[in-house]
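Asks: This is the structure I have questions about; it appears just below.
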Amino acid sequence: MMVLGYAICCITVLCMFFFCIPGNLVTFIVLYVIYIIGYSFFITSSGGARAIFTNDPIQRGKMGRWIAVFIALFYSAAGYYVSNVVVPAHGGIVTSALQQLAITFMIVAGIVLVIAIKAIKDYDVPERYRCINGKTVSFSDMFVTLKNNRNLQMAIVAFGSDKLCTQSASNSAVTMAVWGVVAGNYAFSGQLSMITLVPAILLMFYGTNIAMKLGNKMAVKRFSVLGILFAAAIILLFAFGGPENIGTSIPITALFLVLYCLYYGCQQVNTAVIRPMVADVTDSEMVRTGGKQLGAVINATFTFADKVISSLASTVVGFSFALIGYTTTLPQTGDPKTGPIVAVALFLWMGLPILGYICSLVAMKFYSLDIDSVSEIQKWISDNRKAE
């Protein structure tokens, strides 16, 4: 399924950027729908693969940590590659630049896919996917799971709210508004990912250690609170410290970098611990149903939420800027720094993440899988598999 999904994605990307460039909006929509189908094949099956590697909460925590580390490294390297190699070589984000990016990332994704297949081959056996106690899964079980599994619903709320807010905050239009218009130093934004990488990884190790000792639920709660505090502090710094001083004034720049590194680290910790939560929810559903294996349903649900939220993020950004007059264009360097654009930029950049963290805190009040209950779930599964 991963290979099939990868192949569909590659074919549609090649059509979008090479073979169907003169196409119209309908052509793009059709290709994008097919791309989403391929992406769903890939991400649903790879999510299920993560769940079968281990049932040990400690090992799942380590897996979430390293997935987050590799993602952070990839995005930092990709950002550097785009801004320092591709864009200068092609003179901007033009068709030839997008074609180079398409080929580059297809090759990288193909290499990672081969590594993933090699890594999973000893675990990808029927015994790890089957139900226990003679249970079977029916079509109606899928809907019952979505309706009755409160932990699944709360995990989606926590994951979805965080992703919507972070996707909106990292949108290129928001980055341009914050750094190109409000701060007047767009070049500084390109350096942030490299500056924050190491501190974020160190904080990620600390946060995932907490998750492995106290449970993913406790880690989400703690780092959501910290994320709110650091985001609020950054808003205050922009409001009263003079954002134009960031990158030019050593004290203001140093204070911003400390706050932003801590904020970004909290964001990455939440990303790292959400992934093991999906596997915990899968196992809890097996106990709740007396042995039914519904991991595919749970991973497909998260995949669906992921794509809906990713699409919604762009809508939120576009609608927000349209409210202040950007109906035909988005913010550009040199635009006047007005009160409305400052307010919208800061709201999308740091205000929305605060709301996302608040949603996560509320969701965790109704999420019951703490460190003790997860241990009990694993014991139940182990005992019942041995008894078969």
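The values are calculated or read from the model by the stated rules, or taken from the named source; none is laboratory data. Since the structure is predicted, the reported quantities are computational estimates derived from the model, not experimental observations. Neighbour counts run over all protein chains shown; Cβ positions are idealised from the backbone, glycine included. To get the accessible areas, we keep the full protein, side chains included, count just its heavy atoms, and leave off ligands, DNA and RNA. Shrake-Rupley method; radii C 1.70, N 1.55, O 1.52, S 1.80 Å.
Asks: With respect to residue 138, is the statement that it is under 28 Å from residue 288 (Cα atoms) and either touching a Cys at 6+ places or on another chain (Cβ under 9 Å) or loosely packed, with under 14 Cβ neighbours inside 10 Å (or both) true?
Replies: The answer is yes for residue 138.
Asks: Only residues that are touching a helix residue (DSSP H, G or I) at 6+ places or on another chain (Cβ under 9 Å) and open to solvent by 60 Å² or more (accessible area, probe 1.4 Å): list them for the range 101-111, please.
Replies: Result: 103, 105.
For every residue, the table says whether it meets (1) over 28 Å from residue 159 (Cα atoms); (2) assigned by the TED database to the domain that holds residue 219; (3) modelled with pLDDT of 80 or more.
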position: 26; (1), (2), (3): yes, no, yes
position: 53; (1), (2), (3): no, no, no
position: 73; (1), (2), (3): no, no, yes
position: 103; (1), (2), (3): yes, no, yes
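Asks: Would you mention how many residues in the range 127-146 are part of a helix (DSSP H, G or I) and more than 15 Å from residue 45 (Cβ to Cβ)? Steps first, answer last, please.
Replies: Kept after step one, since they are part of a helix (DSSP H, G or I), are these residues of the range 127-146: 127-128, 139-146.
Right, trim to more than 15 Å from residue 45 (Cβ to Cβ) and you get 127, 139-146.
Matching residues across the range 127-146 total 9.
Asks: I would also like to ask the following. Which residue pairs have Cβ atoms under 7 Å apart, sit 6 or more places apart or on different chains, and have a first residue in the range 75-90 that is in the same structural domain as residue 104 (by the TED database) and a second that is not in a helix (DSSP H, G or I) and not charged (D, E, K, R)?
Replies: 87/93
Asks: Among the residues that make up the range 243-257, is at least one of them within 23 Å of the chain's Cα centre (by Cα), at pLDDT 85 or above and of a type outside the set (Phe, Trp, Tyr)?
Replies: First, the residues of the range 243-257 that are within 23 Å of the chain's Cα centre (by Cα): 257.
Applying the additional criterion that residues be at pLDDT 85 or above yields 257.
Going one step further and asking which of them are of a type outside the set (Phe, Trp, Tyr), we end up with 257.
Yes, the range 243-257 contains a residue that is within 23 Å of the chain's Cα centre (by Cα), at pLDDT 85 or above and of a type outside the set (Phe, Trp, Tyr).
Asks: Residue 337 fails exactly one of the following numbered conditions: (1) open to solvent by less than 70 Å² (accessible area, probe 1.4 Å); (2) outside any helix (DSSP H, G or I); (3) under 24 Å from residue 232 (Cα atoms); (4) of a type outside the set (Gly, Ala, Ser). What is the number of that condition?
Replies: Only one criterion in (1) open to solvent by less than 70 Å² (accessible area, probe 1.4 Å); (2) outside any helix (DSSP H, G or I); (3) under 24 Å from residue 232 (Cα atoms); (4) of a type outside the set (Gly, Ala, Ser) is unmet by residue 337, namely (1).
Asks: Would the range 149-158 turn up any residue that is touching a Cys at 6+ places or on another chain (Cβ under 9 Å), modelled with pLDDT of 80 or more and among the polar types (S, T, N, Q)?
Replies: No, because not a single residue in the range 149-158 is touching a Cys at 6+ places or on another chain (Cβ under 9 Å), modelled with pLDDT of 80 or more and among the polar types (S, T, N, Q).
Asks: On to the next question. Taking into account only those residues within the range 316-331 that are part of a helix (DSSP H, G or I) and aliphatic (A, V, I, L, M), which is most open to solvent (accessible area, probe 1.4 Å)?
Replies: Of everything passing the filter in the range 316-331, 323 is most open to solvent (accessible area, probe 1.4 Å).
Asks: Quick one: in the range 374-388, of everything that is in contact (Cβ under 8 Å) with a residue 12 or more places away in the chain and of a type outside the set (A, V, I, L, M), which residue is surrounded by the most Cβ atoms within 10 Å (Cβ to Cβ)?
Replies: 378
Asks: Given the condition within 28 Å of residue 3 (Cβ to Cβ), exposed (fewer than 15 other Cβ atoms within 10 Å of the Cβ) and either at pLDDT below 85 or in the same structural domain as residue 20 (by the TED database) (or both), answer yes or no: does some residue in the range 61-69 qualify? Let's see the steps before the verdict.
Replies: Taking the range 61-69 as the starting set, the residues that turn out to be within 28 Å of residue 3 (Cβ to Cβ) are 62-69.
Still in the running and exposed (fewer than 15 other Cβ atoms within 10 Å of the Cβ): 66.
Going one step further and asking which of them are either at pLDDT below 85 or in the same structural domain as residue 20 (by the TED database) (or both), we end up with 66.
Scanning the range 61-69, I find at least one residue that is within 28 Å of residue 3 (Cβ to Cβ), exposed (fewer than 15 other Cβ atoms within 10 Å of the Cβ) and either at pLDDT below 85 or in the same structural domain as residue 20 (by the TED database) (or both), so the answer is yes.
Asks: Just for the range 296-315: of the residues that are touching a residue at least 12 places away in the same chain (Cβ under 8 Å), polar (S, T, N, Q) and closer than 21 Å to residue 351 by Cα, which one is most open to solvent (accessible area, probe 1.4 Å)?
Replies: That would be 314.
Asks: Could we say that residue 43 is over 30 Å from residue 215 (Cβ atoms) and within 23 Å of the chain's Cα centre (by Cα) here? Before the answer, list the steps.
Replies: On the way: over 30 Å from residue 215 (Cβ atoms): no; within 23 Å of the chain's Cα centre (by Cα): yes.
When the stated conditions are applied, residue 43 does not pass them.
Asks: Could I ask something else about it? Scan the range 360-368 and tell me whether some residue there is in a loop (DSSP other than H, G, I, E, B) and open to solvent by 10 Å² or more (accessible area, probe 1.4 Å).
Replies: There is at least one residue in the range 360-368 that is in a loop (DSSP other than H, G, I, E, B) and open to solvent by 10 Å² or more (accessible area, probe 1.4 Å).
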